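Below is one structure, written out as structure tokens; the observations come after it.
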Amino acid sequence: MICLVLTVFANLFPAARGGAHERTFVAVKPDGVQRRLVGEVVRRLERKGFQLVALKLVQAPEELLREHYAELRQRPFFGRLLQYMRSGPVVAMVWQGLDVVRASRALIGATDPADAPPGTIRGDFCVEIGKNVVHGSDSVDSARREIALWFRADELLCWEDSAGHWLYE
Ligand code: IDP
Ligand code: MG
């Protein structure tokens, strides 16, 4: 209940969410699920120190994907992108932590795997831009929009992070 109130409050007053409570939307795309990379992606975010707030396996409906990638709708690859994202289940997640949007993008690596350095998820596990294994929100505003698109408020869990004391000053 307290969590629900906090979530509603944070959504009404975006400035209230930030710092160690910043959240991002990460998804293992259908190729990542098929290639058994779900655990690898979770492991990398976990070992960094981020906190898992929500996770589910979803066969994403086209409408959701159109909305999720709305800003790319004029791009020539948009149709292929929708087809790719509908080609199997996706693991949708919300992660929380200090600068999690920026830091998780760094862990994921550049959009084109050829530009993603070794050590990043895309740098280590894929070769082509159209099969790049994982999604991560590109800004705090996108994260807020994407989390609301993929999750109901009651699917976001508030739980006491006992590692927080060892991760934050
Ligand atoms: P991002 O996933 O790194 O944020 P965006 O530019 O937001 O990159 O593009 C969203 C997704 O669209 C990419 O992750 C990739 O799957 C796909 N995409 C982007 N550019 C291309 C392209 O030139 N060809 C095919 N697919 C692309
Ligand atoms: Mg993007």
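Some points to look at:
- Of all residues in the range 105-140, those satisfying the criterion of being small (Gly, Ala, Ser) and more than 11 Å from ligand 1 (Cβ to nearest atom) are Ala106, Ala114, Gly119, Gly123.
- Within the range 40-69, the residues that satisfy the criterion of being open to solvent by 50 Å² or more (accessible area, probe 1.4 Å) and in a helix (DSSP H, G or I) are Arg43, Glu46, Arg47, Lys48, Glu62, Glu63, Arg66, Glu67.
- Considering residues of the range 155-169 that are aromatic (Phe, Trp, Tyr) and open to solvent by 80 Å² or more (accessible area, probe 1.4 Å) only, the residue nearest to Arg23 (Cα to Cα): Trp159
- If the condition is being within 8 Å of ligand 1 (Cβ to nearest atom) and of a type in the set (Lys, Arg), then the range 64-90 contributes Arg75, Arg80.
- The range 70-96 residues that are open to solvent by 50 Å² or more (accessible area, probe 1.4 Å), paired with ones that are within 14 Å of ligand 1 (Cβ to nearest atom) (beta carbon under 6 Å, 6 or more apart): Ser87/Pro30
- Ala110 among the small types (Gly, Ala, Ser), within 14 Å of ligand 2 (Cβ to nearest atom) and open to solvent by 20 Å² or more (accessible area, probe 1.4 Å): yes
The values are calculated or read from the model by the stated rules, or taken from the named source; none is laboratory data. Worth saying up front: this structure is predicted, and the values here are computed from it rather than measured. As a convention, Cβ positions derive from the backbone with ideal geometry for all residues, glycine included, and neighbour counts pool all protein chains shown. With ligands, DNA and RNA removed, areas are computed over all heavy atoms of the protein, side chains included. Shrake-Rupley method; radii C 1.70, N 1.55, O 1.52, S 1.80 Å.
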